[in-house]
Amino acid sequence: RAPSLQPTHLQLVEASASARSATKPDVVDVTYSWWTHAIKDNAQLRQRVAFALSEIFVVSTAGDLGDKGRMVASYMDMLTRNSNNTYRVLLEDVAMHPAMGIYLSHKGNRKEDLGSGRVPDENFAREVMQLKFSRASAGTGPPPNLPWCGGSASGARANAMTTART
């Protein structure tokens with residue numbers, strides 16, 4: 001894929017915070033970065049897919065991540081990089097990103113300990129299962145044959161045509 005001439009979200013939040021004379025990037029800088037990419041990036045499809053992914057794999061700046069602009073910008077860059085990747089790679093990168101670890105409380109999660117009665121936090125696992133099975137439970141069948149789900153572009157077109165006929 002051709003490299004983007006647009007700076008990364010991380011670079012933009014750093015520049016925005018510096019221009020505001022802030023000590024570190026925050027939600028204002030993240031918002032500035034998102035709008036800058038949405039309006040100015042030449043790779044509009046990649047930005048739109050990254051935005052759609054951010055609506056599925058949500059982290060919020062309203063809570064614990066509100067003052068962690070660098071982390072949220074890094075998360076947005078990761079979604080952008082994975083906008084044309086397989087679902088497996090995307091899910092692994094989302095699961096391993098510190099922003100998701102903080103948002104869904106699995107950062108620092110400890111395994112079960114029968115002696116003390118400790119049980120692991122299963123919040124992230126529940127969210128992943130909900131994503132995986134939400135289409136099936138809605139009666140819409142298996143996930144579509146999309147390139148980032150391990151399918152092919154021709155399979156995605158065939159799937160779209162079949163769906164359009166029904």
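Restricting attention to the range 47-73, the residues that are crowded, with 18+ Cβ neighbours inside 10 Å, more than 9 Å from the chain's Cα centre (by Cα) and in a helix (DSSP H, G or I) add up to 6. Would you confirm whether or not the range 87-110 contains a residue that is touching a helix residue (DSSP H, G or I) at 6+ places or on another chain (Cβ under 9 Å), assigned to a loop (DSSP other than H, G, I, E, B) and touching a residue at least 24 places away in the same chain (Cβ under 8 Å)? No, because not a single residue in the range 87-110 is touching a helix residue (DSSP H, G or I) at 6+ places or on another chain (Cβ under 9 Å), assigned to a loop (DSSP other than H, G, I, E, B) and touching a residue at least 24 places away in the same chain (Cβ under 8 Å). Residues in the range 85-118 that are at pLDDT 80 or above, farther than 23 Å from Val49 by Cα and surrounded by 17 or more Cβ atoms within 10 Å (Cβ to Cβ): Ile102 alone.
The values are calculated or read from the model by the stated rules, or taken from the named source; none is laboratory data. Everything numeric in this text was worked out from a predicted model, so none of it was measured. In this analysis, Cβ positions are derived from the backbone assuming ideal geometry, glycine residues included, and neighbour counts consider all displayed protein chains.
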